Amino acid sequence: MKQKESHKYDDIIMLTHHVSKRHPQMPLTNRAAQFSPFAALSGYHAAIRETERQTDSFIEIGESRENQLNERLLFIRENPDCQPEIEVTCFRPDERKSGGSYVTICGKVKKIDEYGRQIVFTNGKTLPIEHIFSIEGEFFGRMDRSDV
């Protein structure tokens with residue numbers, strides 16, 4: 001006599017899958033989230049990247065460069081109707097750590113705000129004068145010729 005082979009789940013294998021009428025099924029996106037990797041130290045990698053990020057230190061300009069910048073700012077102020085196109089290299093302090101970076105900004109000058117100590121461009125942007133490293137532009141060719 002052969003005995004019928006019995007398996008552990010033979011009694012339920014052919015039953016239909018139970019769907020609760022009381023509890024809705026979990027969306028697939030939430031089910032997938034159960035198996036996503038767990039970050040025990042949330043923000044750790046961002047903190048490491050921030051620490052690795054390099055900043056430049058502010059370069060103190062010498063007296064001769066300061067005189068040149070003052071002459072150029074004065075020349076712009078004395079010719080307000082020209083709205084010259086200039087290229088300004090300035091120091092932009094970092095918001096999160098000491099130091100910052102040097103950036104070059106191009107634009108047409110609307111005015112020199114002496115009270116606020118800043119250059120105001122026609123597009124509304126402003127630059128603090130104390131952060132300026134250099135000012136260049138074709139406009140200053142006229143300044144050099146007027147000295148001759």
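Please list the non-local residues whose amide H lies under 5 Å from the amide H of PHE133, H modeled 1.01 Å from N, same-chain partners needing a gap of 5 or more.
So PHE133 has HN proximity to THR89, CYS90, PHE91.
Please name which of ILE48, SER134, PHE121 has its Cα lying farthest along the dipole of the chain towards the positive end, using unit charges on Cβ (Lys, Arg +1; Asp, Glu -1) and the Cα centre as origin.
The residue sitting farthest along the positive end of the dipole is ILE48.
Mind checking which of ARG72, ARG49, ARG31 has the largest fluctuation in a GNM of the chain, springs on alpha carbons under 10 Å?
ARG31
Enumerate the amide H contacts of LYS111 below 5 Å, restricted to partners 5 or more residues apart or on another chain; note that Pro and chain-start residues carry no placed amide H.
Sorted by chain and number, the residues that satisfy this are VAL120.
How big is the charge dipole of the chain about its Cα centre, in debye rounded to the nearest 20, if each Lys and Arg gets +1 on its Cβ and each Asp and Glu gets -1 on its Cβ?
Numbers: 21 positive and 23 negative charges, 315 e Å.
In total the dipole reaches around 1520 debye.
Tell me, what HN-Hα J-couplings in whole Hz come from the Karplus equation 6.51 cos²θ - 1.76 cosθ + 1.60 at θ = phi - 60° for each residue of segment 104-110, using x for Gly and Pro?
10, 10, 10, x, 8, 7, 8
Relative to the longest principal axis of the C-alpha atoms of the chain, give the angle of the C-alpha long axis of helix 63-78, reported between 0 and 90° and rounded to the nearest 10°.
80
Give me the Kirkwood hydrodynamic radius of segment 63-146, using the inverse of the mean 1/r over all pairs of distinct Cα atoms, in Å to one decimal. Please list the in-between numbers first.
Details: mean 1/r = 0.0752 Å⁻¹.
13.3 Å is the Kirkwood radius here.
Provide Rg over Rh for the chain; use the alpha carbon set for both Rg and the Kirkwood Rh (inverse mean inverse pair distance).
Numbers: Rg = 34.3 Å, Rh = 21.9 Å.
Computed over Cα atoms, the ratio is 1.56.
For segment 63-146, calculate the relative contact order in percent as a whole number, restricting contacts to Cα pairs under 8 Å that are 6 or more residues apart. Display every interim value, and only then the final one.
Details: 120 pairs, mean separation 25.2, N = 84.
Contact order relative to length: 30 percent.
Cα extents of segment 56-101 along the three principal axes, largest first, in whole Å?
Each principal axis gives a Cα extent; for segment 56-101 these are 40, 23, 12 Å.
How much net charge surrounds ILE48 when only other residues with a Cβ under 15 Å from its Cβ are counted (Lys, Arg +1; Asp, Glu -1)? Don't skip to the answer; put the middle values down first.
Details: positive: ARG49, ARG53, ARG96, LYS97; negative: GLU50, GLU52.
Net local charge, ILE48 excluded: +2.
Give me the percent relative contact order of the chain, please, defined on Cα pairs under 8 angstrom at least 6 residues apart.
Values: 138 pairs, mean separation 27.4, N = 148.
After rounding, I find 19 percent.
Please sort 82-88, 54-60, 23-29, 115-121 by packing, taking for each peptide the average over its residues of neighbouring beta carbons within 10 angstrom, highest first. Before the final figure, lay out the partial values.
Values: 82-88: 16.7, 54-60: 10.4, 23-29: 8.3, 115-121: 15.0.
Top to bottom by mean Cβ count within 10 Å: 82-88, 115-121, 54-60, 23-29.
Under 13 Å from the Cβ of VAL120, count the other residues' Cβ atoms, weight Lys and Arg +1, Asp and Glu -1, and hand me the total.
With Lys, Arg at +1 and Asp, Glu at -1, the net is +4.
Readers should treat all values here as calculations from the given coordinates under stated rules, not as data from a laboratory. Computed from a predicted model, the values in this text were never measured in an experiment. Ideal geometry is used to build each Cβ from the backbone, glycine not excepted, and the neighbour counts take in all protein chains shown.
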